[in-house]
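The values are calculated or read from the model by the stated rules, or taken from the named source; none is laboratory data. No experiment lies behind these values; they were computed from the predicted model shown. Cβ coordinates were reconstructed from backbone atoms using ideal geometry, including for glycine residues, and neighbour counts include every protein chain displayed.
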There are 2 protein chains.
Amino acid sequence: MPAQNPVASRLSREVIVDAYLRLVEAEDNDSVSLRRLGGELGVDPTAVYRHFRDKDEILTAAADRLLAEVTDGVELSGGWRDQLRDLLLALRRVYLVHPRALLALQLSPPRLENGFGNVERCIALLREAGVAEDEVPIAYEALETYTIGATVFDARATQESLAGWRQLYRMLPADRFPNLTATAASLYLDIDKAFRYGLDLMLDAIETRVRGA
Amino acid sequence: MPAQNPVASRLSREVIVDAYLRLVEAEDNDSVSLRRLGGELGVDPTAVYRHFRDKDEILTAAADRLLAEVTDGVELSGGWRDQLRDLLLALRRVYLVHPRALLALQLSPPRLENGFGNVERCIALLREAGVAEDEVPIAYEALETYTIGATVFDARATQESLAGWRQLYRMLPADRFPNLTATAASLYLDIDKAFRYGLDLMLDAIETRVRGA
DNA sequence: ACCTGAACACCGTTCAAGT
DNA sequence: ACCTGAACACCGTTCAAGT
C-alpha cells in the first residue's frame, strides 16, 4: 500500500466554492479577491485556475448551490398565491445574503445543475392559478425581475445610506418639494415591508385578472 | 491687460462630468477608469482629484445631471395613472443608459442639486390618486425599487445572455421540468414589455385599492 | 491654486517552471 | 495532473514636487 501523496488533490471545485462562501459570509467586505481566496485555502492564489476557467465561474458555481437551497429550505402549502409568495420571498432571502454571487448567474447560465427547481415551481404555480397560457412567460418575468432586481438593489443599501436620503429629502425647500418633504420622515423605514407591499400589489392584480377570466 | 494663463482653470466639475458621460456613452465597456478619463481630458489621470474627492463623487455628479433630465424630457398629461406610468418609464429610460452612474446615487445622496423633481412628482401623484396617507411612502418605495432594481438588472442583460437562458431551460429534462421546458422558448423575448407588464400589475392593484376606499 | 508624476497597494489572469 | 511564482497589464488613490 503506497503512501498517499499528501499534496495530491487538496483542491476541488467543491472545496473552492466552500471557501468562497465562507469568505463572503465572514466579511461584509464588498468583494473577495482571488488572492484572499488563495490565502483561505492555504494555496497559491492562481491554483484555482486549474479548476475554474475564471473568477466568474466560481461565482456561478457558488450561486447554483445557493439556488438549490431556495426550494430545499421552504415547504410550500396553501393556494397558488401563498405558495408563489413564499417562494419569491425565499428567493429574496438568498439574494439578500449573496447578491454578488447570484448576479454572476445572469450573464453566464450554469451548465447542468440543480438550481432551477424554484423557476419550475413558479411557472407551474402561475399555470395553476389560471393565468392565460400566453401571459405565463411575461408574468413570470415580471415577478422574477422584480424580486431579483429590487433585492439586489436593497442588498446594497445600509442604514446610513437610507437615513442619508431621509435627511436629505427632509431638508429640501418645502415650497418646491411640498410632498417630498412631508413624506421624507416615513421613507425607507422597512425596505422588506416595502418589497412585500409591491409583491402583494402584483399578486393582487394577477388574482383579479384570473378571476375575471 | 495681462495675458491670460492658457493653463489656468482648464478643468472644472462640469467639464469632468461632460467627459465622463461622453466616455460611458461612447463605449459599451463596463467601466471608465480615471486613467481613461484623464486621457479624454488631455490631463494627468490624478488631476480630477482637485475637483472631486473620489471617483464615486464624479459618478454622483453625473447621475444628478441625468436625473434632472427625467422630468425635463417628459411632459405629463392625463390622469394620475398615466402620468405615474410615464414618469416611471422615463426614469427607466435614463437608468437603462447609465446604470452605473445612477447606482452611485444610492450610497451617497448628493448634496443640494436638481435631480429630485421626479420623486416629488411621484409622491404627489400617489396622493392625488387617493392612496391612504400612511400608505403613500411604502407605495412610493415599492414603485421606485421595482423601477430602479428591475432596470439595473435588465441593463446588464445582453441578447446572448438572454438567449443562453432560453436555450438552457429548453434543454432541461422535460420529466423533471415540464413547465419550464414548455415555457422556455417564450422567455425573455422582450424585457421592456415584461417590465411594463409588472408596472401595470402594480398600478392596477393601486387603482383597485383606491376605488374600494 | 491647480496640475504632474512617481509611488503604493491592490486587482484578474497567463505561462513557463517545478514536482 | 496539479500547484507555484514571477510577470503582465491593469486599477483607485496619496503626496511631494513643480509652476
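A few remarks follow.
- Taken over the stretch A:60-80, the criterion of being within 16 Å of DNA strand C (Cβ to nearest atom) and away from chain B (no Cβ under 14 Å) is satisfied by A:ALA61, A:ALA62.
- Neighbours by Cβ (under 7 Å, 6+ apart or cross-chain): first from the stretch A:174-195, on the phi > 0 side of the Ramachandran plot; second assigned to a helix (DSSP H, G or I): A:TYR188/A:LEU162; A:TYR188/A:TRP165; A:TYR188/A:ARG166; A:TYR188/B:GLU141
- Condition check for A:VAL43: over 26 Å from A:ALA157 (Cα atoms) and more than 9 Å from DNA strand C (Cβ to nearest atom): yes
- Among the residues making up the stretch B:170-186, those that are more than 7 Å from every other protein chain (Cβ to nearest Cβ) and in a helix (DSSP H, G or I) are B:ARG170, B:PRO178, B:THR181, B:ALA182, B:ALA184, B:ALA185.
- Some residue of the stretch B:31-47 being part of a helix (DSSP H, G or I), surrounded by fewer than 17 Cβ atoms within 10 Å (Cβ to Cβ), near DNA strand D (Cβ under 10 Å from one of its atoms) and under 19 Å from the mean Cα position of the chain (by Cα): no
- Selection of the stretch A:187-201 for residues being touching a Lys or Arg at 6+ places or on another chain (Cβ under 9 Å) and either surrounded by 17 or more Cβ atoms within 10 Å (Cβ to Cβ) or farther than 25 Å from B:ALA104 by Cβ (or both) yields A:LEU187, A:TYR188, A:PHE195, A:ARG196, A:LEU199, A:ASP200, A:LEU201.
- Residue match in the stretch B:187-207 (condition: modelled with pLDDT under 95, over 30 Å from A:SER186 (Cα atoms) and facing chain A (nearest Cβ under 8 Å)): no
- Test: residue in the stretch B:68-75 that is free of Cβ contacts under 8 Å to residues at least 40 places away in the same chain, over 15 Å from A:ALA184 (Cα atoms), part of a loop (DSSP other than H, G, I, E, B) and among the acidic types (Asp, Glu): yes
- Residue check for B:THR145: surrounded by 22 or more Cβ atoms within 10 Å (Cβ to Cβ) and touching a Pro at 6+ places or on another chain (Cβ under 7 Å): no
- Within the stretch B:89-111, the set of residues being surrounded by fewer than 20 Cβ atoms within 10 Å (Cβ to Cβ), without any contact (Cβ under 8 Å) to a residue 60 or more places away in the chain and over 21 Å from A:LEU162 (Cβ atoms) comprises B:ALA90, B:ARG93, B:LEU96.
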